[in-house]
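**Q** This structure is in structure tokens; I'll ask about it shortly.
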Amino acid sequence: MSAPVSVITIVKNRTEKLCNLINQLEACSPTPNELLIVWMTPPSDLSLVTSNKFAIEHKFVNQDELPIAKARNKGLFDAKNDILAYISVDTIFSSACFKEAVSALAPSSIMRAPVSYIPITSRNQPYSELLHVKSRIFANEPFSVTQTSDTKHNDALPKASLLKNTGSVDKQDDNHGKLSNDSSASAMFFIRKADFEKTSGFDETYDGYGLNDEDFFTQCRSVGLSITDHPSIVFSPARDLTRCPVNHLLDFVHNAQLFREKWGFYPRKDILCAYAEKGLINEDFEHSNIRVVRLPNEDELSESKKALAPIDNPKKWEHKVKKPLNKVLAESKAPFVSTADKLHMKCVSITL
């Protein structure tokens with residue numbers, strides 16, 4: 001059984017995560033009846049993923065690279081169903097998420113999932129296990145998440161990584177200047193297509209890294225959409241320096257200035273203050289325009305790039321996906337892909 005939901009995700013080079021996303025969608029009850037994958041780079045052997053549980057439609061670029069806002073809009077505006085679910089490719093979510101969303105999503109609203117961050121090394125753990133660990137942390141019980149069927153990918157979860165989530169809408173929805181729900185909303189959100197069209201989509205004038213989510217949810221408020229929480233939390237891998245992305249300084253500063261001109265206040269002051277503390281921008285930015293005082297040095301750039309670098313290496317997987325479609329669909333599907341041997345069960349290349 002499938003739900004009248006279109007799932008949209010965007011992919012650049014995180015192909016292992018895409019395979020995990022599809023496996024999670026196939027395990028849902030009900031499943032969505034459509035998945036739109038927007039590839040931010042030109043097509044390759046890795047962009048022929050398929051499923052026998054729902055239709056998959058691939059959207060490709062006609063340029064060197066598709067910006068994030070334009071990629072999201074391409075998928076969301078082209079979706080066929082009334083209910084749209086945007087899911088980041090590395091999100092880990094409940095198998096009941098579509099059943100819950102269909103019954104809870106009201107007209108003139110947007111529903112986003114509260115996020116708990118986990119270490120990147122725990123990205124292959126099932127949702128049920130992560131949820132169990134989180135509940136035991138809050139109950140102050142001892143725990144271990146290393147005793148699973150695939151232990152080489154599982155590290156114990158630090159308590160801090162699961163204690164810090166986005167909080168409730170009531171507590172943080174108006175706290176635009178700090179890390180809030182807006183900052184992590186793209187992990188998963190649901191919206192009716194008619195309501196998405198009211199917003200005119202993601203603002204494509206933002207260039208490069210930062211503030212797409214903050215701008216979009218501010219736009220949702222401005223057109224009168226109520227913002228609610230999904231009944232279930234989701235888990236998302238965290239990176240070490242996402243609160244001070246030094247290697248994206250110029251993009252972020254440019255986008256922050258655009259945001260202020262559009263909405264009258266600066267977003268993500270936690271990041272801007274971190275830049276100011278490092279001497280990268282002027283300390284009085286809240287009372288004047290942002291000025292770049294200096295560029296990051298080589299050590300800062302190297303540290304930042306290392307912390308934010310994608311895990312997946314497309315070249316590593318490319319030779320693993322040469323398998324006829326009928327053989328792939330005939331094989332049993334594992335709930336999560338964590339090795340190259342499992343990966344080629346989902347990433348399919350048609351051999352000519």
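The values are calculated or read from the model by the stated rules, or taken from the named source; none is laboratory data. Computed from a prediction, not measured in an experiment: that's the story for all the values here. Cβ atoms come from the backbone with ideal geometry, glycine included; neighbour counts cover every protein chain shown. Protein only, heavy atoms only, side chains kept; ligands, DNA and RNA dropped before computing areas. Shrake-Rupley method; radii C 1.70, N 1.55, O 1.52, S 1.80 Å.
**Q** Extending each Cα 7 Å along its Cβ direction at Val223 and Glu286, get the distance between those two points in nm, one decimal.
**A** 3.2 nm
**Q** Under a plain spin-label model, where a point goes 7 Å from the Cα along Cα-to-Cβ, how far apart in nm are Leu301 and Glu277?
**A** For the pair Leu301/Glu277, the computed spacing is 2.4 nm.
**Q** Related question: Using modelled backbone amide H atoms (1.01 Å from N, in-plane), which distant-in-sequence or interchain residues come within less than 5 Å of Ile118's amide H?
**A** Ser236, Ala238
**Q** How much accessible surface area, in Å² rounded to 10, belongs to the heavy atoms of Val223 with a 1.4 Å probe?
**A** The accessible area of Val223 comes to roughly 60 Å².
**Q** If we count every other residue with Cβ under 15 angstrom of Glu100's Cβ, Lys/Arg +1 and Asp/Glu -1, where does the sum land?
**A** Surrounding charge for Glu100 is +1.
**Q** For Val7, enumerate residues with amide H under 5 Å from its amide H, sequence gap 5+ or separate chain, H modeled in the peptide plane.
**A** Glu34, Leu35, Leu36, Ala85
**Q** I've got another one for you. Output wanted: per-residue J couplings in Hz (rounded whole) for segment 281-288, from phi through Karplus 6.51 cos²θ - 1.76 cosθ + 1.60, θ = phi - 60°, x for Gly and Pro.
**A** 3J(HN,Hα) across segment 281-288, in whole Hz: 10, 5, 5, 9, 4, 5, 10, 7.
**Q** Please list the non-local residues whose amide H lies under 5 Å from the amide H of Arg192, H modeled 1.01 Å from N, same-chain partners needing a gap of 5 or more.
**A** Result for Arg192 returns Leu84, Ser109.
**Q** Short version: ³J(HN,Hα) in whole Hz for each residue of segment 300-305, in order, from phi by Karplus 6.51 cos²θ - 1.76 cosθ + 1.60 (θ = phi - 60°), x for Gly and Pro, what are they?
**A** With coefficients 6.51, -1.76 and 1.60, one gets 5, 5, 5, 5, 5, 5 Hz.
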